[in-house]
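See structure below.
The values are calculated or read from the model by the stated rules, or taken from the named source; none is laboratory data. All values derive from a computational prediction rather than experimental measurement. All Cβ positions, even for glycine, are placed from backbone atoms using ideal geometry, and neighbour counts span all protein chains on display. All accessible areas refer to the heavy atoms of the entire protein, side chains included, with ligands and DNA or RNA removed. Shrake-Rupley method; radii C 1.70, N 1.55, O 1.52, S 1.80 Å.
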Amino acid sequence: MSGNTAVAKLAIDGGEPVRREFLPYARQSINDEDIAAVTAALRSDWLTTGPRGPAFEGELAAFTGARHAVAFSSGTAALHGATTAAGLGPGDEAITTPLTFVATANAVVYVGAEPRFADIDPGTLLIVPDAVAAALTPRTKALLPVDYAGQPADYDALRAIADAAPGGPLTIIADASHSLGATWGGRSVGTLADLTVLSFHPAKILTTGEGGAVLTDSDDFAAKLRRFRNHGIATELAARRDWTYDMVELGYNYRLTDIGAALGSSQLARIETFLASRRELAAHYLQRLAGHELLDPPVVVPGADPAWHFAFAQLRLDRLRVDRGDVYRAMRAEGIGVNVHYIPVHQHGWYRERFPGISMPVAEAAYERLLTLPLFASMTTADVDDVVAALDKVTTAYAKV
C-alpha cells in the first residue's frame, strides 16, 4: 500500500467519506483575464471569421513550433479535417489504437476509409509500433496514434514504419488531444507527425469552450484544412476583395468562433503554468502510488515529458475480490470523481456490427482494470493525497484475504 492500510468502513456502506466536497476528474481553469478576453470579443464587431481566430492560430503555432495551426470548432472536426487532408477515402485503411475516444476511429470512417486497430503497451497504454507494423496492408494509407493521457507515442519508431511501408511514406496523423505541451526526445508535440490534432474541450490542457486545431508544417495540408473547415471555399473571408467566392470542393462549417479564439489566446498565455501544475500533480501521484500492492500506476518512458491530461491507475484484479465497477462506485462515494478512459472502440455496438471478430487482448484487459484519476491545473497535492487515501481505503477493503 502507499499509506495507511487500516481497514475502514467504506462510505458506500455508510462510513465517513474521505472527502465531503466532491473532487471531479477534470475541471476547466477560468480566470478574470479569460472572462475579459471573451467579453471584449462579444463587444467587438466580430463574433466569428474575425481577427481573433488567426491571432490564436499564430500563437498556437509559435508555442508548438509548427509552421501552421488551423483552428476548428471541435477536436472531432479537427480529426475529420486531418483525415480528409491526408487524402483518406474509400478503399484506404488507417491504423489506430483501440483505447481512445470513438472520434479517433470515427474520423477515418467519415471519409469512407476503414480503421484497423493495433494493440497497446500494457504499462503506457500507447500503441505498440511492432503491432502497427504487423497490421500494415497494401491498403494502409495513414497511421493514427493517440497520445494517451498526454504521453506522446513513439513517433521515431512510427516514422520508420511509415517511411518503409509498401506504397509509403504513409501519413502520420497524431491524435494529440491529450498532449498539447508534451515533448518526445526534446521535440514538441506538433512537430512529431505530418498532421497533429488538438482538442480544446474544457477537460483538456487549455479550453476554447469547444474547439480543436490541426498543426502541420505542410503548406498544402494547411490550405486543404482551411478550405475544408470553411465549406470548401477557396479563400478566407479576410482575403476577399468583393462579394465573390468559389467553392472548389466539398467542405463543412467547422470554424472556431472569435469568442472561442479569444478564450484560447487568453488560456494559451498561461499554458506553462497549467503544464507545470499538471506535472507536479502527476509526479506526486507517481511517488505516492509507487510499489502499491493493489494497483499499477502509469509507466512513463525515458525521453517523454507528458502533458498529463489525466492520471490513471490499473487495478490488480487478481488481488481484489470485486471488479472495477465496484471500485469505481466506492471511490465516488468517497468523494473522488474517478472515471474510465476508454471503452475500447471495437467493443462499441456500431463497430461490433460493422467490424466483427476484432480481438485486442491488451486493450481489453487494460479496460477492465482502468480508473481515471482526477487531475486538473487548479488541483493541489493535498487533493492527490485524498485520492490516494481513498484508493488505499477502497482497495484494502476489497482485497482478497
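Below are the figures for this structure:
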{"item": "The chain pair-distance distribution - Cα-Cα, 10 Å bins, rounded %", "result": "5, 23, 30, 24, 13, 4, 1, 0"}
{"item": "Interatomic Cα distance distribution for the range 80-147, bins of 10 angstrom, percent", "result": "24, 54, 21, 1"}
{"item": "Solvent-accessible area per residue, Å², over the range 37-89 with all protein chains present [probe radius 1.4 Å]", "result": "38"}
{"item": "Residue range of the chain that is longest and free of GluC sites (Glu not before Pro) which are both DSSP loop and sparsely packed (at most 16 other C-beta within 10 Å)", "result": "22-235"}
{"item": "At 1.002 mPa s and 20 °C, Stokes diffusion of the range 252-358 via Kirkwood alpha-carbon radius, µm² per second", "result": "120"}
{"item": "Charge tally in the Cβ shell below 15 Å around THR183, where Lys, Arg are +1 and Asp, Glu are -1, THR183 excluded", "result": "-2"}
{"item": "Virtual paramagnetic centre 7 Å along Cα→Cβ of SER378, amide N under 17 Å, in the range 331-346", "result": "337"}
{"item": "Residue-averaged 222 nm ellipticity for the chain, from DSSP H runs of 4+ at -39500 (n - 2.57), nearest 500", "result": "-11000 deg cm²/dmol"}
{"item": "Gain in span if fully extended, GLU364 to GLU21, counting 0.36 nm per residue against the direct Cα distance", "result": "120.2 nm"}
{"item": "Accessible surface, per residue, of the range 190-340 when the full set of protein chains is kept, probe 1.4 Å, Å²", "result": "41"}
{"item": "Residue list for the range 183-225, given a label point 7 angstrom along the Cα-to-Cβ vector of GLU236 and an amide N cut-off under 11 Å", "result": "223"}
{"item": "With Cα atoms, 0 to 90° folded angle of helix 52-64 axis to the chain main axis", "result": "60"}
{"item": "Column: log10 I(q)/I(0), Debye, Cα scatterers of the range 233-295, q = 0.28 Å⁻¹", "result": "-1.13"}
{"item": "Carbon + sulfur, % of accessible area of the range 251-387 - ligands and nucleic acids excluded, 1.4 Å", "result": "51"}
{"item": "Sum of side-chain charges, PRO138 neighbourhood, beta-carbon under 15 Å (Lys, Arg +1; Asp, Glu -1)", "result": "0"}
{"item": "Cα point-scatterer Debye curve for the range 301-368, base-10 log of I(q)/I(0) at q = 0.13, 0.17, 0.22 Å⁻¹", "result": "-0.55, -0.85, -1.07"}
{"item": "Sulfur and carbon atoms: percent of accessible area, the range 1-146 [1.4 Å]", "result": "54"}
{"item": "Counting DSSP beta bridges with both ends in the chain, the antiparallel % (nearest 5)", "result": "60"}
{"item": "P(r) histogram, all alpha-carbon pairs of the range 198-246 included - 10 Å bins from 0, percent", "result": "22, 37, 32, 9, 0"}
{"item": "The chain: angle of helix 75-85 to the longest principal axis, Cα-based, in degrees nearest 10", "result": "50"}
{"item": "Share of pairwise Cα separations in the range 1-99, more than 16 Å, in percent", "result": "79"}
{"item": "Gain on full stretching of the segment that runs from ILE12 to ARG354 - 0.36 nm per residue minus C-alpha separation", "result": "119.2 nm"}
{"item": "Residues ARG270 and ALA40, FRET efficiency given R0 of 25 Å [Cβ-Cβ distance, rounded to 0.05]", "result": "0.90"}
{"item": "Solvent-accessible area, 1.4 Å probe, carbon plus sulfur percent, for the range 175-235", "result": "49"}
